[in-house]
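The structure appears below as structure tokens.
The values are calculated or read from the model by the stated rules, or taken from the named source; none is laboratory data. The structure displayed is predicted, hence computed values, not measured ones. Here the Cβ is made from the backbone with ideal geometry for all residues, glycine too, and neighbour counts use every protein chain on show.
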There are 2 protein chains.
Amino acid sequence: MLDNRDQAPVAPDRKSRSKLRRERDKQRMRGRVLDAARELFAVHGYEAVTMRKIAERIEYTTTMIYQHFPDKETLIREIVAHDFQSFAQEFHRCAQIADPIARILAMARVFVDFGVQHPNHYRLMFMSPPSSEVKQANLAAIHSDPAQDVYTFFKQAIEEAMRSDLLRPELDDPELLVQSLWSGMHGVVSLHIAKGRDPWIEWRSLDRISSLLVELLLRGIRRD
Amino acid sequence: MLDNRDQAPVAPDRKSRSKLRRERDKQRMRGRVLDAARELFAVHGYEAVTMRKIAERIEYTTTMIYQHFPDKETLIREIVAHDFQSFAQEFHRCAQIADPIARILAMARVFVDFGVQHPNHYRLMFMSPPSSEVKQANLAAIHSDPAQDVYTFFKQAIEEAMRSDLLRPELDDPELLVQSLWSGMHGVVSLHIAKGRDPWIEWRSLDRISSLLVELLLRGIRRD
């Protein structure tokens, strides 16, 4: 009985410690696989990458990868779902900015910064080829909300600016405004990712390009 | 002698007719291969597509394809060179517009229309993944000028508008202005190609989005 009582608290503790360690190792391993897969998908294209290539990249066996992910489709779904989540989280810090125009400006910066700091995330989320599993993974991720959140968050700021009479009165369609602003921000990021190192252009800094573009757009929508 | 003289003009004629026909057939065949390759590269990614897949697509044998193109790299180079040429040609019709602001507006329309009408061309020219043969083909095509032409053409219009005091005086860097306008136009086209059919957004027509974006940008750069 005593023995039992003495051992009882110890044994589960040891067990739970080792269970925690196993869980942590498992998560670390999953993270490494997802990171390697994201990079390979973004650079070589989803269809050209095999589970074997992902395994080779991080010096695992293909069997080890299959223990965690049944197939490539599961990988791309997890990656895109995770990345849309991180993307949406970045915008939380803009929520408390009261002035809607200042909020739009801050959100535009967050958008561009995210794309530039995570070009591979951005490629898979916003520059993926049509009719592939990447597309499906995108739609699945969006269906479970985070990208819609960001879109809605932008739209709310626009609507608030409209209600406060901050915008030119003829601009009365918030969807059209969000889609135009989104196009502008997307253009800055995606052109930078695709062409930003092309040597035949005297590139100005991304910061200057995106600041000017956003300034021009806001100047264009504000009431004089 | 007479016979000789009678036959002499006929024989080369027949020969040249059949040579012409052979040449025409060859060009037609090359065109079909290039079109199939462009579509497959754009949709599945360059690296995932093999010469065999291209052959299957148009029901040729792989051997027939190799008779015209030694490898995939030659294909992508020809495609991108050809497409940059077509792209540049589209802008010729804007050249005679005297007013530089009206010219920029017309060029922006040509840019967006080209992208929307040729999404596969556009993908390979402006949305291709980094560090692949597609990138190299792009740089080779640009080195032989047409894309640089379009960039320069935009820049000249901006510089002309500056000299005519049509722009806000603090906007004194034409490169920065071209790069910001280009980002805007690229954003409209590439977002449309990547997301334009996503059902979770109440998309406005591309024409309305691009008209508004370009209007906002021009309103933003013009002197009051």
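Selection of first residues in segment B:30-55 that are of a type in the set (Asp, Glu) and of second residues that are crowded, with 16+ Cβ neighbours inside 10 Å and outside any helix (DSSP H, G or I), restricted to Cβ pairs under 9 Å at least 6 apart or on distinct chains, gives the following pairs, ordered by first then second residue: B:Glu47/A:Gly45; B:Glu47/A:Val49; B:Glu47/B:Pro129; B:Glu47/B:Ser132.
Among the residues of segment B:211-224, those identified as of a type in the set (Lys, Arg) and more than 7 Å from chain A (Cβ to nearest Cβ) are B:Arg222, B:Arg223. Scanning segment B:184-194 for residues that are touching a Gly at 6+ places or on another chain (Cβ under 6 Å) and within 7 Å of chain A (Cβ to nearest Cβ) yields a count of 3.
Of all positions in segment A:80-95, none carries a residue that is more than 19 Å from the chain's Cα centre (by Cα) and β-branched (Val, Ile, Thr).
For segment A:183-219, a tally of residues being surrounded by fewer than 24 Cβ atoms within 10 Å (Cβ to Cβ) and either under 21 Å from B:Arg204 (Cα atoms) or of a type in the set (S, T, N, Q) (or both) returns 4. From the list A:Arg208, A:Arg197, A:Arg204, the lone residue that is farther than 26 Å from A:Ala81 by Cα, within 11 Å of chain B (Cβ to nearest Cβ) and in a helix (DSSP H, G or I) is A:Arg208.
Among the residues making up segment A:174-213, those that are aromatic (Phe, Trp, Tyr) and either at pLDDT below 95 or over 23 Å from the mean Cα position of the chain (by Cα) (or both) are A:Trp200, A:Trp203. Selection of segment B:114-132 for residues being surrounded by fewer than 18 Cβ atoms within 10 Å (Cβ to Cβ) and on the phi < 0 side of the Ramachandran plot yields B:Val116, B:Gln117, B:Pro130.
Against the numbered list (1) more than 8 Å from chain A (Cβ to nearest Cβ); (2) at pLDDT below 90; (3) more than 15 Å from the chain's Cα centre (by Cα), B:Ser144 comes up short only at (3).
Which residues, counting only those in segment B:14-49, are within 14 Å of another protein chain (Cβ to nearest Cβ) and not small (Gly, Ala, Ser)? So that I can check it myself, show each step before the final result.
Start the filter on segment B:14-49 by keeping residues that are within 14 Å of another protein chain (Cβ to nearest Cβ), which leaves B:38-49.
Result: B:Arg38, B:Glu39, B:Leu40, B:Phe41, B:Val43, B:His44, B:Tyr46, B:Glu47, B:Val49.
Suppose we filter segment A:174-183 for residues that are facing another protein chain (nearest Cβ under 7 Å) and either part of a loop (DSSP other than H, G, I, E, B) or among the hydrophobic types (A, V, I, L, M, F, W, C) (or both); how many remain?
The initial filter retains those residues of segment A:174-183 that are facing another protein chain (nearest Cβ under 7 Å), namely A:175-176, A:179-180, A:182-183.
After this cut, where a residue has to be either part of a loop (DSSP other than H, G, I, E, B) or among the hydrophobic types (A, V, I, L, M, F, W, C) (or both) as well, the list is A:176, A:182.
Here the count works out to 2.
Out of the residues in segment B:153-173 meeting the condition of being over 22 Å from the mean Cα position of the chain (by Cα) and free of Cβ contacts under 8 Å to residues at least 40 places away in the same chain, tell me which one is farthest from the other protein chains (Cβ to nearest Cβ). My answer is B:Arg163.
For beta carbons closer than 6 Å, sequence separation of 6+ or different chains, a first residue in segment A:195-224 that is closer than 14 Å to B:Leu213 by Cβ and a second that is assigned to a loop (DSSP other than H, G, I, E, B), the qualifying pairs are A:Ile221/A:Leu171. Looking only at residues of segment B:92-113 that are touching a residue at least 60 places away in the same chain (Cβ under 8 Å) and closer than 26 Å to B:Gln136 by Cα, we find that the one that is surrounded by the most Cβ atoms within 10 Å (Cβ to Cβ) is B:Phe111. Of everything listed in (1) more than 8 Å from chain B (Cβ to nearest Cβ); (2) at pLDDT 95 or above; (3) under 23 Å from A:Arg93 (Cβ atoms), the single unmet condition for A:Val150 is (2). Within segment A:19-64, the set of residues being closer than 25 Å to A:Asn138 by Cβ and outside any helix (DSSP H, G or I) comprises A:Gly45, A:Val49, A:Thr50, A:Ile58.
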